[in-house]
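The values are calculated or read from the model by the stated rules, or taken from the named source; none is laboratory data. From a predicted model like this one, the values you see are computed outputs, not experimental measurements. Every residue, glycine as well, gets a Cβ built from its backbone with ideal geometry; the counts of neighbours run over all protein chains shown. These accessible areas exclude ligands, DNA and RNA; they are computed on the full protein's heavy atoms, side chains included. Shrake-Rupley method; radii C 1.70, N 1.55, O 1.52, S 1.80 Å.
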Amino acid sequence: MTLGKDIKSNHARHAVITVLFALLLGVSGGRAQQPSETPPPPSNPRPVTIPNVTETVLPNGLKVVVVSRRGIPLVTASLLVKSGANLENEKEAGLADITASLLIKGTTSMTATEIAEQIEFLGGDIGSGAGWTSSSVNIGSMSSGLGKALSIMSDTVIRPSFPEKEIALLKKQTIDDINVSLKQPGAVMNYVSSRYSFGEHLAGGTRQSIGNINRNAIVRFHRQNYRPENSVLIFTGDISEKTAFGFAKLFFGGWQGRSDSIRKTNEVAAVEPSKSGNLPERLVSRLLVIDLPDAGQAAVGYMNRLKTGRSECDSGAGGAHNCRSSKVYFPAGVLNSVLGGGYSARLNQEIRLKRGLSYGARSGFDWRSSAANFGASTQTKNESAAHVAELIQTEIEKLIREPVSPDELVPRKAVVTGGFGLGLQTNRGVAGMVRDLYLYGINPDELNEYMNKVEGVSGDQIMEFASKNLKGGDIIVVGDSKMFIEDLQKRFPNQTIEVIKAEDLNLDSRTLRKAKR
């Protein structure tokens, strides 16, 4: 999952949706009715056609990857740059995404409007952005217009102009978005968890850090990180290997990193949250409340940074350790499907379907090269926040104490393998999968092994993974604390509850608090 995506709501909308929810699901006495019939068991996984992945390396170091899928005359081209927010100074948090977003806002030969108009004329699309571990530029085009689309794409990557006007506009829009998000419990919870539970600065930036970014910083980040030897160009769709490699050489073959570029080689280290004990015995280590007065809902989450050890990770180049491709990845994926990876997962069953306390509950892993961030979250009315926090704790504890039964594993694995097969049906889906493999240095042959590795996960493996990795996390609740704080203390009697008022919250500080005057 991507942490930080939450619905906007207000009191009026909440009231209308609650009535509809009750009518549709047959809520009676505060509980949703159970289905009257047991659904049939899932069938055996269908075989999927794994596309052939071929690659070459240009003399300038750019790796070019082709996944040919003939038939429909559409092509996706995705340029992966192996640098993201992990390589930015936290005082300039948001720099990676600002830089990536500005690539398509003007080059030395085209304005933002001209770029958009020319791509639209081709019937294509273009987009760019950055996350924690990478940046990317992506285009979609008809096969007949791919050459022109690639000429535009290469121009944005190699010769961006970073106009001051576009920088000012994007910074203003970003700060406006942050201001709106700070009024939404779900967004605040995800901002806070980055600092509090994961030890990372905010990849999207804060109001102060976005204000610190200037054109010199953007040009510097681009020069240091947008280099051919640090990038992978991926073609998927109706294109032959010969044509793809020819286009890559034509439009990107002359791309050279500047000789004065000194790209950072180590990502910004996450600051390990201060918690007692190396091997936590209880699930919840800390309990944090962000008091957001008059909030229409409360956001409730359990957040934890995976405690994967070096022995559980695959060795990589230069002694690096890669946990994305290790034996923890597939048990984590099936565990997530059981816990919160879909409508029929345990969290949604317990919180939404059985009790009608939320419109949906979910969980997910956000992978890094040497770790992963785990979160389980939902939104509910303020009065039920403490109850929901307890339910989330209970469901995670079950995974630690009891192996998942084969009867439950079969349909939950089907969700995982089904999602994988569905992703293979589109050029963008395939490009995303291949991009992740090359980002983490994983052999593309893993695409062929994916289904079997998922099917090979056992209930005991999930329990072992949960026991090693999910203990010692944080319960975070964001909402109108006066409506749930007493109940929260009753349900977690042995926990000290830290409360931070929204007006005192400082996302630029590792303590999350504004300095006292």
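Ranked highest first by the average count of other Cβ atoms within 10 Å around their residues, in what order do 375-382, 443-450 fall?
375-382, 443-450
5 Å is the cut-off here: which amide hydrogens, built 1.01 Å from N in the peptide plane, fall below it relative to THR107, excluding neighbours closer than 5 in sequence?
Under 5 Å from the amide H of THR107 lie the amide H atoms of SER161, each far enough along the sequence or on another chain.
Given a 1.4 Å probe and the protein chains all in place, what does the accessible area of ASP291 round to, in Å² to the nearest 10?
20 Å²
Once label points are set 7 Å from the Cα along Cα→Cβ at both ALA502 and ILE72, what is their separation, rounded to one decimal in nm?
Distance between the two pseudo-spin positions: 4.3 nm.
Which peptide among 144-151, 182-189 comes first, and what is the full order, when sorted by highest mean count of other Cβ atoms within 10 Å?
Numbers: 144-151: 18.2, 182-189: 21.8.
With the highest mean Cβ count within 10 Å placed first, the list reads 182-189, 144-151.
From the convex hull of the Cα coordinates of the stretch 350-400, what is the mean projected area in square nanometres?
Dividing the Cα hull surface by four gives the mean projection, 4.1 nm².
What percent do you get for the relative contact order of the stretch 384-470 when only Cα pairs under 8 Å and 6+ apart count? Let's see the in-between values first.
Numbers: 36 pairs, mean separation 47.1, N = 87.
Computed over the stretch 384-470, the figure is 54 percent.
Could you give the nm distance between label points at LYS327 and LEU422, where each point is 7 Å from its Cα heading toward the beta carbon?
Result for the modelled spin labels: 3.1 nm.
Given a 1.4 Å probe, how much area per residue of the stretch 347-485 is accessible, in Å²?
36 Å²
With point charges of +1 on the Cβ of Lys and Arg and -1 on the Cβ of Asp and Glu, referenced to the Cα centre of the stretch 426-517, which listed residue (GLY479, TYR440, PHE465) lies farthest in the positive direction of the dipole?
GLY479
Compute the Kirkwood hydrodynamic radius of the stretch 370-430, taking the inverse of the mean of 1/r over all pairs of distinct Cα atoms, and give it in Å to one decimal.
Roughly 14.9 Å, rounded to one decimal.
What number comes out for the charge environment of PRO493, summing +1 per Lys or Arg and -1 per Asp or Glu over other residues with Cβ under 12 Å away?
Its environment carries a net charge of -1.
For the pair LYS398 and ASN179, how long in nm is the line joining their label points, each one 7 Å along Cα→Cβ?
For LYS398 paired with ASN179, the spin-label model returns 4.5 nm.
Using the Karplus equation 6.51 cos²θ - 1.76 cosθ + 1.60 (θ = phi - 60°), what ³J(HN,Hα) coupling, rounded to whole Hz, does each residue of the stretch 107-113 give in order, writing x for Gly and Pro?
10, 5, 10, 9, 8, 4, 5
Give the carbon-plus-sulfur fraction of the accessible surface of the stretch 116-244 in %, rounded to a whole number; probe 1.4 Å, heavy atoms of protein chains only.
The computed percentage sits at 50.
Mind checking which aspartates and glutamates have their C-alpha under 19 Å from LYS453, skipping anything on the same chain fewer than 8 residues away?
Partners within reach: GLU312, ASP314, ASP407, GLU408, ASP436, ASP445, GLU464.
May I ask you to list the lysines whose Cα is less than 19 Å away from that of LYS514, ignoring any residue fewer than eight positions away on the same chain?
Output for LYS514: LYS91, LYS183, LYS501.
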